[in-house]
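Note sheet for the following structure.
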Amino acid sequence: MDQRLNNPFKTFWMAGFECTDKLNAFGNRVDFLNLTAHLELIDEDYQRLHDFNIATVREGIRWSQVEKAPYVYDWSTVAGMIEAGKRNHVQQVWDLCHFGFPDDLTPLHPMFARRFAALCRSFVHFYRCINPDDVLIVIPINEVSFISWLGGDVCGTTPYCKGYGWEVKYNLMRAYIEGVEAIKEADASVQILTSEPLVNIGAPLNATPEQIAAAALQHEYQFQVTDILSGRICPELRGKPEYIDMIGLNYYYNNQWIHNTFDFLVWKDDPKDMRWRPLNDLIKEVYDRYNQPIVITETSHPTEDRGLWIDMIAKECSSILRSDIPLLGVCIYPIIDRPDWDDLITWHHSGLWDVNTHNHERVLYHPMADALLRAQKKLDNILLPEMCVL
């Protein structure tokens, strides 16, 4: 049976609201749900989605904001967000840790995993008091691969280290798995969605055998997080295949590069570099490895190429959906524009709506809107005869 028939998402196209609450490179806490005024304008933001037949969103609880003291939680803001979802008939997928940790924690702290597991357990109990019966989909920790590099190797966020990327990743995955165990113990029906970067790392032209092997190894490293979670490696952390219900992949314009030089393989080049790989090919590699349903959990493009990027995503999704790969959805992330983490004056212009920074007015970017409507029409021809949304 086509696994798409068991799609737990309300709509195939989804919207992601940037929810990071991390410490940036300067040690300053950023809070994008407030910086973008999403918390203030959540009803209006949800209502705008109806014009594009989007009724599933990614939201975040902001760990640094809800845990007021160790093991003491204030869920009032999250409760208001849940009520907004109900009012506007929007399904919410919840990120429990989207880069931010409480001030007294880093992934290298000996109590980090215990604190995260307690947060996960508390969230599930709180959520079920409000919504006892609906489908609950959770992303425990967003982009472990990226945040391990950012905080463990280039001093871009806590714990501000160099040369500790593996240690940060290992400890984040210890917390991730203990968090999943706590979630499943509280409610076995909760579905776990991962959210990891999908990349392609190629060798230089005319590469030596050693350079080819080094690039292949770096490419392979992108799977470490999911391999740990599924128990393929580091079995002492207690990962299991059943701890993954859906594989989430984050894919942007700069996710393909050359090993060591870090030169990007440009997606718009015609003809393309021979080392460039189409998105459908990268997704097939992941599906062949894990044999789990796939979700594109993040994708977007900055500035004037936003519409062209959505056209490309639609073409690749069409190819995937016509294969035997169960692609369950695509999340435009961010749906509302966002500033740069380390330069809050500069906004990326990467959303379906830009933001007037003086009054937070949402300004629709029409080329991207037109492309999204084209994409929906293109994929509806494949999806509508087959999908049976729960």
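The values are calculated or read from the model by the stated rules, or taken from the named source; none is laboratory data. All of these numbers come straight from a predicted model, not from anything done at the bench. In this analysis, Cβ positions are derived from the backbone assuming ideal geometry, glycine residues included, and neighbour counts consider all displayed protein chains. Only protein heavy atoms, including side chains, enter the accessible area calculation; ligands, DNA and RNA are left aside. Shrake-Rupley method; radii C 1.70, N 1.55, O 1.52, S 1.80 Å.
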Only one of these is at pLDDT below 95 and not in a helix (DSSP H, G or I): Asp103, Asp133. Name it.
Asp133
Qualifying positions in the range 127-155 - crowded, with 17+ Cβ neighbours inside 10 Å and more than 19 Å from the chain's Cα centre (by Cα):
Tyr127, Gly152
Please specify each residue of the range 93-126 satisfying the condition of being among the acidic types (Asp, Glu) and either crowded, with 22+ Cβ neighbours inside 10 Å or closer than 21 Å to Arg58 by Cα (or both).
Asp95
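Condition test on Leu282, is it under 19 Å from Val57 (Cα atoms), open to solvent by less than 20 Å² (accessible area, probe 1.4 Å) and assigned to a helix (DSSP H, G or I)?
Criteria not met by Leu282.
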Going by what's in this entry, would Ala84 be described as touching a Ser or Thr at 6+ places or on another chain (Cβ under 6 Å) and aliphatic (A, V, I, L, M)?
no
Which of the strands (runs of 3 or more DSSP E) found entirely inside the range 1-87 contain at least 2 residues meeting this: surrounded by fewer than 18 Cβ atoms within 10 Å (Cβ to Cβ)?
67-69
Residue count, the range 345-372 (criterion: over 18 Å from Asp305 (Cβ atoms) and in contact (Cβ under 8 Å) with a residue 40 or more places away in the chain):
3
Between Glu167, Glu178, which is surrounded by fewer than 17 Cβ atoms within 10 Å (Cβ to Cβ), in a helix (DSSP H, G or I) and not β-branched (Val, Ile, Thr)?
Glu167
Positions within the range 326-338 being in contact with an Asp or Glu (Cβ under 9 Å, 6 or more places away or on another chain) and open to solvent by less than 20 Å² (accessible area, probe 1.4 Å), in sequence order:
Pro326, Cys331, Ile332, Tyr333, Pro334, Ile335, Ile336, Asp337
Checked the range 213-248 for anything open to solvent by 30 Å² or more (accessible area, probe 1.4 Å), farther than 19 Å from Asn291 by Cα and part of a helix (DSSP H, G or I); matches are Ala213, Ala214, Ala216, Leu217, Gln218, Pro235, Glu236
